[in-house]
1. Could you point to the residue in F62, T251, I222 farthest towards the positive end of the chain's charge dipole, with +1 and -1 charges on the Cβ of Lys/Arg and Asp/Glu respectively?
2. Rounded to the nearest 500, what is the chain's calculated 222 nm mean residue ellipticity when only DSSP H runs of at least 4 contribute -39500 (n - 2.57) each, over all residues?
3. Fewest to most neighbouring Cβ within 10 Å: what's the order for K205, K338, K197?
4. Taking neighbour counts of Cβ atoms within 10 Å as a proxy for exposure, in what order, fewest first, do C80, C365 appear?
5. Quick one: Debye curve from the C-alpha atoms of the stretch 73-120, no solvent, what's log10 I(q)/I(0) at q = 0.17 Å⁻¹?
6. In the stretch 180-256, which GluC sites (Glu not before Pro) fall in coil by DSSP and have 16 or fewer other Cβ atoms within 10 Å?
7. Is the shape of the stretch 178-347 rounded, prolate or oblate, going by the alpha carbon gyration tensor and its root eigenvalues a ≥ b ≥ c, with a/c under 1.5 for rounded and a/b larger than b/c for prolate?
8. Where Rh is the Kirkwood radius over the Cα pairs of the chain, the temperature 10 °C and the viscosity 1.306 mPa s, what D in µm²/s does Stokes-Einstein return?
Amino acid sequence: MSMLSISPAGAHRAHGADAAPREQGTLPAPQDVSFAVLDGADPEERRRWTEAWQRAGQRDLFTHPDFVEAEARDGEQPMCAVMAFPDGTEIYYAFIVRPITHDAAGNVLDEELRDLYTPLVYGGPLSAGASPAQLDEFWAALREWAHEQGIVSEIIRFTPVERHRLPYPGTLREQAPHIVVDLDGFSEEDVIAALRKSVRRGYRKALEGGMTLRVVRDESGIEDFLPIHAETMHRREAQQRFHIGEDFLRTIHRAVPGQVAYVFADEDGVPQSAEMVILRDDSSVAYIAGTLTEALRGNATTLAAVGALLVAREAGSREHVLTGGITNTADDSLLHFKRGFTRDGDRAYFTGEQVFLPEAYERLCAPAQERRAESTFFPFYRSAPPRTDGPAGPGPSEESPGDRTDDRR
């Protein structure tokens, strides 16, 4: 199947206005509203994407072109929609476009259709001060582009930090909660005091037992981090796509230098547990964590996680996001563990669902209509079970955003 490709000269624009040449990092000429969907595979458009990311001003790793490209699978295309307004406001939305190869019953398609999604962990449009009218104009332009390009639907994983979410015109589906630790105005003593009693006791026992915290803020932390991550992934039998390697981590460091911290819980100088923290302007995320199997009975996991909170606070984070559980359930065991790091951390976690081509969506879903009523999987046409009489459909292994949301921990 051929992939969507938009040349620099052919980028879609609202009102038919072409962007005038400009110096790096500057906005388009202000006389018109401009809208472009940039292809990360094109060097010139990738440069423009990077400039737009810098102008967005939030230092958000999960929308950086290098990260989005690294998360895209074979046959998928990293892209970014940017709309600029005469008053200087911009709306920025990074996503991945993927081909739709099967319908809901696993039948191979004979037409070229695509959909889009945001990569883990969180995504969605970014803007500083966009008005409701400007957001409406952005979504109208994106829908028009989607119609032209055969984009059937989109799925967005929104952050649980409410001030970082823009209003959404599609369906917001609430999943199991994610955990957010409030750090705004906290001292180090406040962070420790806010821990639940069992976690605070485990943290202190780890320190009293001679374990130490170590923070590495550059790529040298990769060497100690990867073995812990690999052992954790094998123990949890995580899907292969959640196993990360050195190249991926170095890509993150290049994309957001100075925004990565590895927090290790060491025993006799040997790392037992680790948390990888990703910082943005005024917030942070516990991105990947792991513990050696032999250290699970001790307090190394707790020590590293508390250390990550302290690193986030020191960096100026108003909150530290611990993400969700392994399963999309409120009583998930990992979610229960994370609740121990704050007294009131449950935050609403939404996925955004929008259908751009309703007729095509219904056509793709129709072959499995009998099981559609009892399914919340979106897009439903990707929920096909494996075929026994031919090629396998996409199947549940193409995780719905509410399913295995935190396999990397």
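Read-outs throughout are calculated quantities, based only on the coordinates presented, and are distinct from any laboratory measurement. What you see is a predicted model, and the numbers here were worked out from it, not measured in a lab. Here the Cβ is made from the backbone with ideal geometry for all residues, glycine too, and neighbour counts use every protein chain on show.
1. Final value for the positive-end residue is I222.
2. Helix contribution divided over all residues of the chain: -8500 deg cm²/dmol.
3. K197, K205, K338
4. Ascending number of Cβ neighbours within 10 Å: C365, C80.
5. -0.64
6. Listed in order of number, the matching sites are E237.
7. Here the stretch 178-347 falls in the rounded category.
8. 71 µm²/s
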